There are 2 protein chains.
Amino acid sequence: MKLVVIGGDAAGMSAASQARKRLGTDRLEIVAFERGRFTSYSACGIPYWIGGAVDDLDALIARSPEAHRKAGIDLRMRHEVTAIDTANREVVARDLVGGGEVRESFDHLVYATGATPVTPEWAQGPASGVFGVQTLDDGTAIQEWLDGEPAPRTAVVIGGGYIGVEMAEAMLKRGLDVTLLEKSAQPMGKTVDPEVGALVAEAIRGQGIKVVTEAHVDGLSAAGGRVRAVVTPAGEVPADIVVLGLGVRPNSALAAAAGLPVGPTGGVRTDRQMRVEGTENIWAAGDCVETRHLITGEPVHVPLGTHANKQGRVAGINLAGGYASFPGVIGTAVTKVCELEVARTGLTEKEATHAGYEYVTALVESTSRAGYYPGASKMTIKLIAERRTGTLLGAQIVGKAEAAKRIDALAVAVWNRMSVEEMTALDLSYAPPFAPVWDPVLIAARKATEAVHAAT
Amino acid sequence: MKLVVIGGDAAGMSAASQARKRLGTDRLEIVAFERGRFTSYSACGIPYWIGGAVDDLDALIARSPEAHRKAGIDLRMRHEVTAIDTANREVVARDLVGGGEVRESFDHLVYATGATPVTPEWAQGPASGVFGVQTLDDGTAIQEWLDGEPAPRTAVVIGGGYIGVEMAEAMLKRGLDVTLLEKSAQPMGKTVDPEVGALVAEAIRGQGIKVVTEAHVDGLSAAGGRVRAVVTPAGEVPADIVVLGLGVRPNSALAAAAGLPVGPTGGVRTDRQMRVEGTENIWAAGDCVETRHLITGEPVHVPLGTHANKQGRVAGINLAGGYASFPGVIGTAVTKVCELEVARTGLTEKEATHAGYEYVTALVESTSRAGYYPGASKMTIKLIAERRTGTLLGAQIVGKAEAAKRIDALAVAVWNRMSVEEMTALDLSYAPPFAPVWDPVLIAARKATEAVHAAT
C-alpha cells in the first residue's frame, strides 16, 4: 500500500507518523511532498523566535526531514504538488529546486497544504519588507530582513489578532518602534468581546506599542524597492517592515481543482475521521480544512497547531485501518500579550448572537491566588450562558500569571454543555497558592447563575 | 423568623451571610455562637502564616466579628453550644469567658461545628508544645510557641498528609530542624499513588526536611512540662515542638447527643440542600458533615475550606427559601510542597480498587510550556480509567510552576464522566507560553486510551 502526503508540517507529518507507527515499511510506502524548507515545526513559536525569547530556529523544529526519512518516510523537500488526479490516484509535483515534474501514484492521499496569510491587493506590489507569518520560511524571511541592512527601525503590524499582537510584541523586543493598526474598535476584536479587548489594548499600549484602532489602510509607500510607510487616511505611518496579521485562508485551490469538496469557509470538507467527503481514500487535515463548531453546529475554519496535530493523528490512524475521530472544535484559544494572558473558549457575545442565542453574561474580577498569598494577581473572567437553560456558551479570561490556563476547565464545561448552575458545585482545586477559597471560575458561575435566574 | 448558627467560621458564617442577603433584619434574626476568638478565616492559610509567606494574621480573616455584627448578625464569641433541643427548638450555650449559660430558641438551626485534629492517646498527656492545626486559635498557639522562650530548634511533624507537609515546610522556613514521620510508605499516601508520593518525598527531602516513612510513634518524652522528643522504636527524635498532621474528625458529638443522624464517617448526614436528614429546619455544613463521593456513591468526610464555603452558602440559600444544592465531591485537592505542586481529583488506584473498579492507568511526563519556550518545566500526569468503558476515574499531577491547576480541567472531565477516548479530542488551549502543542492532559488521555484498547 502506498500513502502520499501533501504538506510536511504538523498535520501531514502527524498523519504519516501515525500511519507508519501502525504499518511498517513492509506494509506501507509513504511519500511526502513539502514545498518549503522545513518539516514538523511550531509555527506558533515564530513570534517568540523573532522576539528573542527562543534562541534557536532548530528549537522550533519538532522533527527534521532527516528524522522523518529515518522513520521510513520518503520525503521530497522543495516539491510542490500541482495536481491531483483522483480517478487515477496520482499526484503531480514540481521540483522547485531541480526543476521538472514527478508523478506518484497513491492508494491513500493525505491533503495537508496549510493556509496562506490574507494579503490585500495593496500589499501585493513589488515593495520588499512586507511579510505574512504562516510558515517557518516566512519566519526566516522576517528574521533575515530584521538582521539585514539597512537595519529596520520602524514596524507596522496590520491586524490585531493573535499573530498581530504577538508579532507587535516581538518587534518591540527587537527594539523597533512599533505601530499596530486594527480596523475594529479593539485589538483581538474577533476573538474576545470589546471590554476584554480593551484590557488587551491597554496592556499593549502600556508596553510602548502604538495601537491605532478603527484604522484603514490605503496602501504602502516604498523607496528603492523597499517599503517605507503604510499609507492611511490619517497620514503615513513609517514602516521599515510591515507584518500582515489579517488572518489566513485555507490552501484548498489544489483540492478544488481536483474536484474535492470545499466548504463555505474555503476549507476542504471532511467527516469526523478526517476523510474528505465523497472519497474513500483521501484524507485532509490541518489549516486547509474546515471543521465543525460543536456549539453552533456551523462549519468553521480554525487554523491552530493543536487542531492540525490532532486531525493529522486521526487521519493517520484511520487510513491505517484504526479508528479515531475529530468531532470538531469549541473555539478555545489562548495567547500572552506582553505580561497579559488572554484566553477564550466557546462563543463570544457576537458569535452567540450570530448563532441565534439569547444569553446572559457575568463579568467578575478575582485573583489568581488567595488574596493574602504572595504573588496573587488580578484576573477577570467573563461567562456567557444561554438564557433560560443556563448552558455555558462561552468564557473569556484576562489576567497576569496563572490566569489563562484556567480556560481549560471552562472548555471542558462548554464541551459537556454544563449549566452555570451545575458549575457552581464543581469540585475545583483549592489551596492558597493556587486560588481564593472561591475559585474565580466558581465566582463567575455563581454570578452567571444569578443572571440566569434574573432573566427567567 | 430566627436563625441560630453554631460555629463562626466558613460554613456557618457563609450560611448566615447568604440568609441575611436574602432576608433583611426585619424578616430574620440571626444569632451565631463561636467558641473561639476568630470568625470567617482561612484555616488553609495557617501554614503560610506560620512559615512567614503571609505577614499578618489579619490577612487570613475574611470577615471579623465586627463586620458580621454590622451586617446584622448577633455574634456571640467565646460561646460554646453544649446542647441542642430539637423538640423545643432551643440551644444552650456556655459563655467561656464570663461564665454562665444562655438559651436561644430557633426556627432554623445551622450546625457548623467544624472538626478536631486526631490526637492519639500518647499525645494527650500534659506536655506542652504539641499542636494540632485546625483553627486559627491553633495557629496563634503555634505562633506563640515558636516565638516563646526557650526558642524551639527542632520540630517533628507526625503525619505526611497536606497539613503535615505544609507545616513541615513552614517549620523549615522558620529555621527549625524538621523531621516528618509518616506511617505509610510515602508522604501523602492517602492522597496520591505511591509513585507520585515518591516524587513528593524526594522534593521534601531535597529541601532539607528529614522524612521517615513507615514510622511508628510510641509516645513523647518531656522535660519541665515541655515536649523534648518523639519516642519511636528507632530511638528518640528531638522535638521542641510537635505538630500533629493525622487528619481531623468531624465535631458531631453535639449533634449525635441531640439525636441528629451521624453517618459512617462520623459526619452529620444531610441531603443535597444541606438539610440534616430527618429534620425540617436543621442544616449542617462544613468540616462536621459527611458528603457523597460522586464517583463511588459512598459517604465521605472531606474537610476542605472550599466545600465548607459552598455548603454554607447552599444551606443559607435554602433556609431562606431559595434553592441551591451541593451534590457531593469528587476528591479534588491541591497543595504546594516546597517548589513542588501536587494535585489530584477523582479516585486513586487504592480508592478505585476499594470501590470495585477494574481500571487501567497511564503515566506521562511532559512540560508545562512548549519545550523551547523559556521557563518550561517538567510535569507528570497520571490518569486512571475504567477498564472497558474508559471512563476517567481519577487523575494526579505533580510538577513545578503551572502544573497543578491543570487538575481542574481533569476534575470537570471526571465530573462529567468523560471517557479518556473522548478526552483526546478536547479543545484545550494551546500557545507556546502555556503548553506544548499536545497539552500534557491530551497526551495522558491518548496514552490512557491506548491502555483501554490494549485491555479490551
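The values are calculated or read from the model by the stated rules, or taken from the named source; none is laboratory data. These numbers were taken from a predicted model, which means no experiment stands behind them. Please note: Cβ atoms are built from the backbone with ideal geometry, for glycine as well, and neighbour counts cover all protein chains shown. Remember, those area values only see protein heavy atoms, side chains included, never the ligands or the DNA or RNA. Shrake-Rupley method; radii C 1.70, N 1.55, O 1.52, S 1.80 Å.
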Histogram of C-alpha separations across segment B:7-113, 5 Å bin width, %: 2, 12, 21, 21, 19, 13, 7, 4, 2, 0
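Could you size up the charge dipole of segment B:45-132 around its Cα centre, putting +1 on the beta carbon of Lys and Arg and -1 on that of Asp and Glu, and report it in debye to the nearest 20? Walk me through the intermediate numbers first.
On the way: 8 positive and 13 negative charges, 18 e Å.
Using only the charged Cβ atoms, the result is roughly 80 debye.
State the percentage of accessible surface on the protein assembly as shown attributable to carbon and sulfur atoms; use a 1.4 Å probe and exclude ligands, DNA and RNA.
Values: 16550 of 34290 Å².
Taking all protein chains in place, the protein assembly as shown shows 48 percent carbon and sulfur surface.
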Can you tell me the order of A:163-172, A:441-450 when each peptide is scored by its average per-residue count of other Cβ atoms within 10 angstrom, highest first? A:163-172, A:441-450
Put +1 on the Cβ of every Lys and Arg and -1 on every Asp and Glu Cβ in chain B; which of B:ALA127, B:ILE317, B:ALA62 then has its Cα farthest towards the positive end of the dipole? B:ILE317
Average beta-carbon neighbours from other chains, 10 Å sphere, peptide A:121-132: 0
Once the label point is set 7 Å along the Cα-to-beta-carbon vector, what list of distances in nm do you get between B:GLY206 and its counterparts in the other copies? 3.2
When the gyration tensor of the protein assembly as shown is built from Cα positions, what are the square roots of 5 times its three eigenvalues, in whole Å, from largest to smallest? 56, 30, 27
Area hidden from solvent between A and B (accessible, protein heavy atoms only, 1.4 Å, total, Å²): 5400 Å²
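To the nearest 20 Debye, how big is the dipole of chain A about its Cα centre, given +1 on the beta carbon of each Lys and Arg and -1 on that of each Asp and Glu?
Details: 45 positive and 53 negative charges, 140 e Å.
So the dipole magnitude of chain A works out to roughly 680 debye.
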Arrange the residues A:GLU214, A:GLU298 by how much accessible surface each exposes, largest first, with a 1.4 angstrom probe. A:GLU214, A:GLU298
Over its alpha-carbon atoms, segment A:246-314 yields an Rg and a Dmax in Å of 11.2, 35
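Go through A:HIS307, B:HIS216 and list them by solvent-accessible area, largest first, probe radius 1.4 Å. Don't skip to the end; give the middle numbers.
Working: A:HIS307 5, B:HIS216 110 Å².
Output order, biggest surface exposure first: B:HIS216, A:HIS307.
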Using alpha carbon centroids, what distance separates segment A:395-432 and segment A:183-221, in Å? 27 Å
Of A:MET13, A:PRO264, A:ALA141, farthest towards positive along the dipole that unit charges on Lys, Arg, Asp, Glu beta carbons give chain A: A:MET13
With one decimal in nm and the nearest listed first, the spacings from B:GLU277 to its own position in the other copies, using label points 7 Å along Cα-to-Cβ, are 5.5
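Determine the dipole magnitude for segment A:155-311: charges of +1 sit on the beta-carbon of Lys and Arg, -1 on that of Asp and Glu, nothing else is charged, the reference point is the Cα centre, and the result goes in debye to the nearest 20. Spell out each step's value before the answer.
Working: 14 positive and 17 negative charges, 66 e Å.
For this selection, approximately 320 debye.
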With 28 Å as the limit, write out which pairs from A:LYS382/B:LYS21; A:LYS173/B:LYS447; A:LYS378/B:LYS378; A:LYS447/B:LYS382 have Cα-Cα distances beyond it, or answer none. A:LYS173/B:LYS447; A:LYS447/B:LYS382
The long-range amide H neighbours of A:TRP283, using H built 1.01 Å from N in the peptide plane and a cut-off of under 5 Å, are A:LEU109, A:VAL110, A:TYR111, A:VAL276
Excluding ligands and nucleic acids, what accessible area in Å² is computed for B:ASP408 using a 1.4 Å probe, to the nearest 10? 10 Å²
For the full complex of protein chains and a 1.4 angstrom probe, list B:VAL212, B:VAL452 by accessible area with the highest value first. B:VAL212, B:VAL452
For A:ARG76, other-chain or 5+-apart residues with amide H closer than 5 Å (H placed, Pro excluded) are A:ALA32, A:PHE33, A:GLU34
Using all C-alpha to C-alpha distances in segment B:199-263, build P(r) with 5 Å bins and read off the rounded percent in each one. 4, 13, 15, 15, 14, 11, 10, 10, 7, 2, 0
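Return the Rg/Rh value of segment B:361-456, two decimal places, where both radii are evaluated on C-alpha atoms and Rh is the Kirkwood radius. Could the numbers behind the result be given before it?
On the way: Rg = 12.7 Å, Rh = 13.1 Å.
Reported Rg/Rh (Cα atoms, Kirkwood Rh): 0.97.
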Given H placed on each backbone N at 1.01 Å, which residues far from B:SER40 in sequence or on other chains put an amide H within less than 5 Å of it? B:ASP9, B:ALA10
Inter-chain shielding of A:400-409 (mean C-beta neighbours from other protein chains, 10 Å cut-off): 6
Across segment A:152-307, what fraction of all alpha-carbon pairs, as a whole percent, falls in each successive 10 Å bin from zero upward? 11, 31, 26, 22, 10, 1
So for segment A:258-297, using the alpha carbon gyration tensor with a ≥ b ≥ c as root eigenvalues (a/c under 1.5 gives rounded; past that, a/b versus b/c decides prolate or oblate), I'd call it prolate
Give the nm distances, rounded to one decimal, from A:GLY225 to the matching residue in every other copy, measuring between label points 7 Å along Cα toward the beta carbon; shortest first. 9.4
Can you give the convex hull volume of the alpha carbon atoms of segment A:229-277 per residue, in Å³? 134 Å³
With every protein chain left in place and a probe of 1.4 Å, what is the accessible surface of A:ASP240, to the nearest 10 Å²? 40 Å²
Just to confirm, what accessible area per residue do you get for segment A:316-365 at 1.4 Å probe, in whole Å²? 35 Å²
Within segment B:152-219, trypsin sites (Lys or Arg not before Pro) in DSSP loop having at most 13 other beta-carbon neighbours inside 10 Å: B:ARG153
Expected integer from the mean partner chain Cβ neighbour count at 10 Å over B:23-33 is 0
Can you give the % of DSSP beta bridges in the protein assembly as shown that are antiparallel, to the nearest 5? 65 percent
I'd like the accessible area for B:VAL302, computed on protein heavy atoms only with a 1.4 Å probe and all protein chains in place. Round to 10 Å², please. 50 Å²
Distance from segment B:264-316 to segment A:32-49 (C-alpha centre basis), Å: 54 Å
Whole-number value, in Å³ per residue, for the convex hull of the alpha carbons of chain A is 160 Å³
Go through A:41-47, B:135-141 and give me the packing order, highest mean Cβ count within 10 Å leading. A:41-47, B:135-141
